[in-house]
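As C-alpha cells, the structure follows; a few thoughts come after it.
The values are calculated or read from the model by the stated rules, or taken from the named source; none is laboratory data. Because the structure is predicted, anything quoted here is derived from the model rather than measured. Don't worry about glycine lacking a Cβ; one is built from the backbone with ideal geometry, like all the others, and counts go over all protein chains shown. Protein only, heavy atoms only, side chains kept; ligands, DNA and RNA dropped before computing areas. Shrake-Rupley method; radii C 1.70, N 1.55, O 1.52, S 1.80 Å.
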Amino acid sequence: MLTNKLGFEGKKILQKVIKAANQMGVNTYLVGGTVRDLYLNKTNYDLDIAIEGNAQEFANFLNPVLGGDIRTYERFLSATITLPSFFVLDITTTRKEIYLNYGSLPIVEPGNIYDDLKRRDFSINSLAIKLNNQDKEMIIDPFNGLNDLDKGLIKVLHNESFREDPTRILRAARLLTRLKFNLEENTEKTLTKSIKYINRISGTRLKNEYKKIVKEDNTLQILHLVDAWGVTPYVFPGIKLNYLNPKSIGFIKTWCRNRKEIETWLILLMLIYWQCSPKIDYIFEVPFDFSKKEKLCLEWMVENRKVIKRLIQENINFSFIQLHRLMYNVPEEVETFLLSLLGEKREFLIKEIKKARQGVYLPITGRDLLKYGFRPGPIIGKILNNLEQEVLEGRINTREEALNWLLEMRDNYAE
Ligand code: ATP
C-alpha cells in the first residue's frame with residue numbers, strides 16, 4: 001500500500017483524518033503531489049487532502065484531534081493545518097475550475113474528485129488515493145499519471161493547459177528539474193507555443209512562482225531551463241542570465257537557509273540585476289507586485305550603485321562612516337545582498353557591516369541643543385548629523401566632550 005510509505009507519524013495522522021471523515025460522512029482523498037511523491041518514494045511532509053464536502057468545516061472538526069495551527073481560506077474552499085511535527089495538511093474541497101480569462105485565477109465551484117483531478121496541471125499530479133475505503137487502497141488515475149511517473153514524463157491534460165494558466169510553464173520547469181523528468185512530446189510543443197502568454201500572469205502570481213523556484217535546490221538550473229524556453233524577457237526584462245555567478249547564489253542560499261524571515265528571492269533578484277543587466281535600473285521593469293519594503297531594497301541598490309561598486313573594489317579605503325551612510329537602518333536583505341557581492345572580502349567586512357546597520361549612540365540629544373540656545377528647526381537635525389560623524393570617527397566619546405563640541409558649534413553658528 002502506498003500510504004504505508006508515510007511512516008509512523010504520517011500514518012497516525014492519516015488514521016485521524018479517516019476517522020474524522022467517517023464521522024462527518026465525507027469522502028476523503030490524498031491527492032496531487034503527495035500521491036506522486038509517495039509513488040516515487042520521495043519524502044514529502046505536505047499532505048494534500050481533498051474532501052468531497054466543505055474543507056473548512058472538516059478542518060475545524062479535525063484540528064482539535066491533531067492539535068495543529070489552522071488557517072482557512074474562504075475563496076479557495078481550503079484550509080491548512082500546520083502540525084508541531086514537520087507535517088502540513090493542505091485540505092481542499094474537491095472542485096471544478098472555470099477559466100473566464102486566460103492567465104487570471106479561475107472561478108471555483110465544488111465538484112467531485114474527478115472534476116478535481118481534471119483541473120490539475122500534469123498527469124503525474126492528477127492522482128488520488130481514496131482514504132475511507134476500508135482496508136483496500138483505491139488509486140484514482142484518470143490520466144495515466146502512474147504510467148508517466150514510470151516513464152519520467154511531464155504531460156499536460158489538454159492542449160489549452162499552458163494558455164489557460166501560464167504559471168504551469170514555470171511549474172513544469174520546477175518539476176522537470178527536481179524530478180529529472182522530460183517533457184512529453186506534445187506537451188513540449190504546446191509549451192513552446194505558449195511562452196508569450198506569460199505576460200498575462202498577474203504580478204502577484206508571477207512573484208509567487210518565482211519565489212517557489214528560489215526555494216528549490218536547483219534554482220540556477222531552473223532559471224537556465226526557462227531562459228532556454230524564452231521566458232526571461234517576460235520575467236526579468238533586459239537580463240543576460242549567463243552572467244549570473246553560481247557562487248553568489250550559493251552564498252545567498254546558505255546564508256538564508258535558517259532565516260525564515262529573510263526574503264531570499266528578493267536578494268536573488270537584486271543579484272540577477274546587479275550581475276546580468278546592462279543597466280541596473282531595468283530592475284524596476286520586473287512585473288512583480290512589489291511591497292513597500294521590497295521597493296525600498298531595489299531603490300537602495302539603484303541609488304547606491306556607484307558606492308557599492310567602490311566598496312567591492314576598494315574596501316580597505318572605505319571609512320566606517322561611509323559604510324554607515326550606506327547601511328544604516330537598511331533591511332537585512334540589503335545586507336545579505338552586499339555580502340554576496342563581496343566574495344572573499346566579506347570576511348573582513350562582516351562585523352563592520354553589521355555595526356554600520358545599527359544606530360549610533362549619541363551622548364547628547366536634541367533637548368540638550370535647545371537648552372544650549374539652539375532654536376527648534378532643521379538646524380537641530382544638521383547638528384546631530386555632524387555630531388554622529390564626530391562620534392563615528394572617534395573624536396567624541398563622552399557626554400562632556402560632546403557638550404564642549406556643542407559650545408564650539410554654538411559660537412560658530414553665532415558668528
Ligand atoms: P510541491 O512538491 O512543489 O509542493 P505540489 O505538486 O504539491 O508540488 P502545490 O503547489 O502544493 O504543488 O500544489 C498542489 C497540487 O495542486 C499540485 O499537485 C497540482 O495538482 C495542483 N496545482 C497547483 N498549481 C496548479 C496550477 N497552476 N494548475 C493546475 N493544478 C495546480
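Structure values in brief
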{"quantity": "Global form of the stretch 152-229, assessed from the alpha-carbon gyration tensor, a/c cut-off 1.5", "calculated": "oblate"}
{"quantity": "Relative contact order %, the stretch 116-239, counting alpha carbon pairs below 8 Å whose residues are six or more apart", "calculated": "21 percent"}
{"quantity": "Where Cα atoms sit under 23 Å apart: lysine pairs in the stretch 149-235 separated by 8 or more or lying on different chains", "calculated": "17"}
{"quantity": "Gap separating the Cα centres of the stretch 1-31 and the stretch 364-413, nearest whole Å", "calculated": "69 Å"}
{"quantity": "Only Lys, Arg (+1) and Asp, Glu (-1) charged, at Cβ; the chain dipole about Cα centre in debye", "calculated": "300 debye"}
{"quantity": "Accessible area of TYR73 in the full protein assembly, 1.4 Å probe (Å², nearest 10)", "calculated": "90 Å²"}
{"quantity": "Over the chain: helical MRE at 222 nm, DSSP H runs n ≥ 4 each giving -39500 (n - 2.57), nearest 500", "calculated": "-15500 deg cm²/dmol"}
{"quantity": "Most fluctuating residue given options LYS189, LYS96, LYS211, as computed from a GNM of the chain linking Cα atoms under 10 Å", "calculated": "LYS189"}
{"quantity": "Extension gain (nm, one decimal) between LEU146 and GLU74, 0.36 nm per residue minus Cα-Cα", "calculated": "22.7 nm"}
{"quantity": "Accessible surface, 1.4 Å probe, highest first, among residues ARG174, ARG305", "calculated": "ARG305, ARG174"}
{"quantity": "Alpha carbon centroid spacing (whole Å) that separates the stretch 136-168 from the stretch 197-275", "calculated": "26 Å"}
{"quantity": "Length-normalised contact order for the stretch 302-415 - Cα pairs under 8 Å, 6+ apart - percent", "calculated": "25 percent"}
{"quantity": "Whether the stretch 1-100 is rounded, prolate or oblate, judged on the alpha carbon gyration tensor where a/c under 1.5 counts as rounded", "calculated": "oblate"}
{"quantity": "GLN358 versus GLU188: modelled label distance in nm, points set 7 Å from Cα along the beta carbon direction", "calculated": "5.7 nm"}
{"quantity": "Label-to-label distance, nm, for residues given as TYR328 and ARG410 (7 Å Cα→Cβ offset)", "calculated": "2.4 nm"}
{"quantity": "Solvent-accessible area, 1.4 Å probe, carbon plus sulfur percent, for the stretch 278-344", "calculated": "49 percent"}
{"quantity": "Dipole axis of the chain (+1 Lys, Arg; -1 Asp, Glu on Cβ), positive-most option in ASN132, TYR210, LEU66", "calculated": "TYR210"}
{"quantity": "Per-pair calculated FRET efficiency, R0 = 30 Å: ASN112 and GLN15 via Cβ, rounded to 0.05", "calculated": "0.80"}
{"quantity": "Difference of contour (0.36 nm per residue) and Cα-Cα distance, GLU344 to LYS196", "calculated": "49.2 nm"}
{"quantity": "Over the chain, relative contact order from alpha-carbon pairs under 8 Å, at least 6 apart, %", "calculated": "9 percent"}
{"quantity": "Fluctuation leader among ASN258, ASN218, ASN22 - the chain, Gaussian network, Cα springs under 10 angstrom", "calculated": "ASN258"}
{"quantity": "Antiparallel content of DSSP bridges confined to the chain, in %, to 5", "calculated": "75 percent"}
{"quantity": "The chain shape via C-alpha gyration tensor axes, a/c threshold 1.5", "calculated": "prolate"}
{"quantity": "Extension reserve of the GLU401-ASN4 stretch, reckoned as 0.36 nm per residue once the Cα distance is removed", "calculated": "135.6 nm"}
